[in-house]
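The values are calculated or read from the model by the stated rules, or taken from the named source; none is laboratory data. On a predicted model such as this, the values are computed, not experimentally measured, just so you know. Counting neighbours? That spans all protein chains shown, and the Cβs are built from the backbone with ideal geometry, glycine included. Areas reflect the complete protein model, heavy atoms only, side chains present, ligands, DNA and RNA absent. Shrake-Rupley method; radii C 1.70, N 1.55, O 1.52, S 1.80 Å.
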Amino acid sequence: MKKFGKILCAILGICFAFSMACACDTDKKGGSAITLVVWAPTEDMAFAKSVANDFQTANPDKKFKFQWAEQSEKDAATKLLNDVENGADVFSFANDQLNRLIVGDGIAQIAGSRLERMKAANTVDSIDAATVTVKGEDKTFAYPYTDNTFFLYYNKSVFNETDIQTLDGILAKCDAEHQFAYPINDGWYGTAFFFGKELGYEVTYSDKLAETKVTIDFGNEVGLNVAKSMFKYVQNPGFKGDSDDSKITAGFNSGSVVAGVTGIWNKSKIQEYLGDNFGVAKLPTYTYYDANNTSEQVQLVSFAGYKLLGVRKGAPVEAYDFAEFYTNKQNQLKHFEARGFLPTNKEAQTDSRIVADDCAKAIAAQLQHSKTQKGVPTAIYSAWEGVGNNMINNKAGTFDAEQQMAAFIKAVAKE
């Protein structure tokens, strides 16, 4: 029996050693490599890989193996929470997904000296976007690196500075072949019309950040009038409501889109397509009609949030190092050069290239007319998609605002 025990122990020892060897990646020199799984949007992949190369150079005592996957920021939380254990170690996402990631136990907290460095380097608002109050205590969960709002791009050969002040002024110079693009079926953009009339929502959370109550007033008389006013625009041949990012950039390239609303992430492409005619500004006003058909000009009010870099809960410590490196001053400036992303790093914001940037000026102007993208009802985006698509699909006919908004409120509100 003793002999059998020794043999069994030997076999188990060999199996354990083999399993440990298999758990590590091995480079050409035979040393173990640290694997980091990174998700980034398609448009950011080249930049992210260049940062990874710089990170390896900055850490010569370690060997890294990066595994890459293209993943849009708006769906990052949904994707990660489907399988946290096998998800990305480092991933980019919009800050309004933070509560879901915390509830799903998918994101790690940033604390200690890392948090102190982050707070010292970045703006107060960007840190606040990455911070949530959990059981009465403020906790920070990700690294900010750029703002996340939207504004107006336009062709200077078509519009002057007076035209772009109002949506009606823009559409006066548009037609079916030369359109104004606005993603009316995307809740992130569609809500701007309602926010302009000071409509909103309120969300109550449990100690575990689950939504316990959601109230929203988009379905009141003013909200119905907003929806009806929006439909008037959708019916205009010059208004392109089914405008995702690919259609907007392609439209500027072909000339079928002469003005459009999107974010900083599309700056490089649109600037390339428009050349000297590249123009940007805050969002225009739109015409709101009340029940008596009396009109007034209302400023479109955008969401104002931030793009964040998160670390998966349970990721290796080097994932935190990479996220901090990815979002440092130098890389935020490189991100600006590569994609036009404006930095949250306070020192980077004073760089002459940032100060002189037209998009930076447009965003600063739009932020004066914005709503903080925090505490957003979970269902608001998917619920609005149905309303927006109904407008688009029925633009040649009628739009039942009462029915559509009632269904929207039912999907979003919680008692």
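What's the number of the condition residue 269 fails, among (1) of a type outside the set (Phe, Trp, Tyr); (2) in contact (Cβ under 8 Å) with a residue 24 or more places away in the chain; (3) surrounded by fewer than 22 Cβ atoms within 10 Å (Cβ to Cβ); (4) assigned to a helix (DSSP H, G or I)?
Just one mismatch for residue 269, condition (2).
Can you confirm whether the range 126-135 contains a residue that is open to solvent by 20 Å² or more (accessible area, probe 1.4 Å), in a strand (DSSP E or B) and more than 30 Å from residue 350 (Cβ to Cβ)?
Among the residues of the range 126-135, at least one is open to solvent by 20 Å² or more (accessible area, probe 1.4 Å), in a strand (DSSP E or B) and more than 30 Å from residue 350 (Cβ to Cβ), which makes the answer yes.
How many of the residues in the range 136-171 are open to solvent by 60 Å² or more (accessible area, probe 1.4 Å), over 30 Å from residue 97 (Cβ atoms) and out of contact with any helix residue (DSSP H, G or I) (no Cβ under 7 Å at 6 or more places or on another chain)?
Looking only at that region, the number is 4.
Among the residues of the range 289-320, what is the count of those that are part of a loop (DSSP other than H, G, I, E, B), more than 28 Å from the chain's Cα centre (by Cα) and not hydroxyl-bearing (Ser, Thr, Tyr)?
4
Which residues, taken from the range 397-415, are aliphatic (A, V, I, L, M) and in contact (Cβ under 8 Å) with a residue 40 or more places away in the chain? Give the derivation first.
Step one: list which residues in the range 397-415 are aliphatic (A, V, I, L, M), which gives 401, 405-407, 409, 411-413.
Answer for the range 397-415, where residues must be aliphatic (A, V, I, L, M) and in contact (Cβ under 8 Å) with a residue 40 or more places away in the chain: 401, 405, 406, 409, 412, 413.
Working only within the range 102-112, note down all residues that are open to solvent by less than 10 Å² (accessible area, probe 1.4 Å) and either free of Cβ contacts under 8 Å to residues at least 60 places away in the same chain or out of contact with any Leu (no Cβ under 7 Å at 6 or more places or on another chain) (or both).
108, 110
Quick check: anything in the range 338-351 open to solvent by less than 20 Å² (accessible area, probe 1.4 Å), part of a helix (DSSP H, G or I) and closer than 21 Å to residue 117 by Cβ? Break it down into steps so the answer makes sense when it comes.
The initial filter retains those residues of the range 338-351 that are open to solvent by less than 20 Å² (accessible area, probe 1.4 Å), namely 340-345, 348.
If we keep only those that are part of a helix (DSSP H, G or I) as well, we get 348.
When the remaining residues are screened for being closer than 21 Å to residue 117 by Cβ, the result is 348.
Looking through the range 338-351, at least one residue is open to solvent by less than 20 Å² (accessible area, probe 1.4 Å), part of a helix (DSSP H, G or I) and closer than 21 Å to residue 117 by Cβ.
I'm checking my understanding of the structure. Among residues of the range 363-382 that are among the small types (Gly, Ala, Ser), assigned to a helix (DSSP H, G or I) and within 18 Å of the chain's Cα centre (by Cα), which one is farthest from residue 284 (Cα to Cα)?
Among them, the one singled out is 382.
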